[in-house]
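Q: Before we start, here is the structure in question, set down as structure tokens.
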Amino acid sequence: MNIKEKGDFSQGSVSSNVYRLALPIILAELVQVTYNIVDRMYIGHIKNCGTEALTGIGLVLPFITIITAFANLCSYGGATLSAIARGQKDDVKAQKIMENSFTLLCVSGLLLTAFFYFFTSPLVMLFGGDEQTTFYACQYFDIYLTGTVFVLVSLGMNSFINMQGFSVIGMFTVVIGAVLNIILDPVLIFVFDMGIRGAAVATVISQFFSALWVVLFLTKKNIALHISRLYLDKKTTSEIVKLGVSGFLFKATNSIAQAVSNTTLRLFGGPLGTVYIASMSVINSLREIVYQPVMGFIEGAKPVLSYNFGAKKYSRVDKCISFMHRNAFLYCLGVWAVMMFLPKPLIRIFTNDELLIKTCVPCIRTYFCVFFFMSWQTAGQNCFVAMKYSKYSVFFSLLRKVFLIVPLTLILPRIGLGVMGVFWAEAISEIIGGNACHITLYFKVWKPIKEKSSQ
């Protein structure tokens, strides 16, 4: 196959196309899982301050989430538009979108670095930090900020590698960063006695080499779409933002929910407020870990879905939607079982603090008690994005996090559930959001596509 024709997904079975893209991505996500486990594990086991350091990470997690939300803006919007343009046989437009996305990521990275440099400390205090935990949070995040552009480029532009059919190359983007981080973490944290700052330095170095790998590949001229210039066009940027805003909101609303959760846990946790924030940090870490494989599968399916949607191959679109939903549900059902029956071994990965372990077990079981419903929302939202139905994806991003989780987090602890109301808020939102997204997808998009495919 000609290297420039590698991204043609209108041939072969839908499942084989998805697996060809998804398996390397999933493998990369599993490596990323290992990185996340090791990173937080080392931080949680820093002598004499592990729990406080882990709490500090939890306090800046909303800010890290905001940064990755900007990567989603371009990977959801730009990569999807490029895939659709390729399906329409318009590689000139597809490349223009990619170059615009790259420039937008670089500019966003510089602006975010400047903003958080001045406002990190007051924001951490505002969202639940005390003097000690804010100290650890700022120690980590001030260094992490120096690599903001690297994070955005490696995360945001890797989708353009996968979209062109080079999922093995995309896999190495993640593997390079993860392996470097796993090696550097213990050396910098313990050997050089840098503590939580060592974890941040390891992350920056790792993301730099991941970003370098992405840029070196995407500037090659023998691939269908390559970066040849910095380019920022108002109309193209508007199209990217319009479609990518759902991916942005998916992360940004997570950040809002995390910040509200931290302040509520501090308020209702009493003397154990810091322990509950540390528990939420463990839960967020576990959620990030277990969710990455299913997101890898969906990232592999999206280019196939977008390409065939652009090519008007509706029977293949129908098969791809069904394939995404079935596999995502089965995976999330498996995650639910593990969280219900094996929470303690998972918590011990991050800490040996018996009080934190005891506190965290019921929190995990509550938080993940209906996790399988999340498969419907995640698969549904990504289907909406892949087929340019961005208004639905935006709505469901806002529905679950802003209109459900935030109010429920504020209300449930005040009507008798106490601190556990924060964790019940997640479960209730998954039931409502997952079902509403699935029903809307079926009647507004999937059913009409089935009708077109049968004509």
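Q: Select from the stretch 164-194 the residues that are surrounded by fewer than 21 Cβ atoms within 10 Å (Cβ to Cβ) and on the phi > 0 side of the Ramachandran plot and list them in ascending order.
A: Scanning the stretch 164-194 gives a single hit, Asp193.
Q: Only residues that are over 13 Å from Tyr19 (Cα atoms), open to solvent by 10 Å² or more (accessible area, probe 1.4 Å) and among the polar types (S, T, N, Q): list them for the stretch 276-334, please.
A: Hits for the stretch 276-334 are Asn284, Gln292, Ser315, Ser322.
Q: Name the pairs: first residue in the stretch 348-377 and free of Cβ contacts under 8 Å to residues at least 12 places away in the same chain and part of a helix (DSSP H, G or I), second residue open to solvent by less than 10 Å² (accessible area, probe 1.4 Å) and among the hydrophobic types (A, V, I, L, M, F, W, C), Cβ to Cβ under 7 Å, at least 6 apart or on different chains?
A: Arg348/Ile357
Q: A further question follows. Check Thr378, Thr440 and return the single one that is open to solvent by 20 Å² or more (accessible area, probe 1.4 Å), under 30 Å from Ala83 (Cβ atoms) and not acidic (Asp, Glu).
A: Within the list Thr378, Thr440, the selection yields Thr440.
Q: Additional query: Only residues in the stretch 130-141 that are farther than 12 Å from Thr120 by Cβ count as the first member; pair them with residues that are in a helix (DSSP H, G or I) and polar (S, T, N, Q), Cβ under 6 angstrom, at least 6 apart or cross-chain, and list the lot.
A: Thr133/Thr55
Q: Which members of the stretch 141-163 meet the condition of being in contact with a Gly (Cβ under 6 Å, 6 or more places away or on another chain) and open to solvent by less than 10 Å² (accessible area, probe 1.4 Å)?
A: Passing the criteria: Thr148, Leu152, Ile161.
Q: Tell me, please, whether a residue that is under 16 Å from Lys242 (Cβ atoms) and surrounded by fewer than 21 Cβ atoms within 10 Å (Cβ to Cβ) can be found in the stretch 43-65.
A: Within the stretch 43-65, none of the residues are under 16 Å from Lys242 (Cβ atoms) and surrounded by fewer than 21 Cβ atoms within 10 Å (Cβ to Cβ).
Q: State yes or no: is Lys388 touching a residue at least 60 places away in the same chain (Cβ under 8 Å), more than 24 Å from Tyr367 (Cβ to Cβ), touching a Leu at 6+ places or on another chain (Cβ under 9 Å) and open to solvent by 20 Å² or more (accessible area, probe 1.4 Å)?
A: Criteria met by Lys388.
The values are calculated or read from the model by the stated rules, or taken from the named source; none is laboratory data. Just so it is clear, the model here is predicted, and its values are computed rather than measured. Heads up, the Cβs are rebuilt from the backbone with ideal geometry, glycines too, and the neighbour counts pull from every protein chain shown. These accessible areas exclude ligands, DNA and RNA; they are computed on the full protein's heavy atoms, side chains included. Shrake-Rupley method; radii C 1.70, N 1.55, O 1.52, S 1.80 Å.
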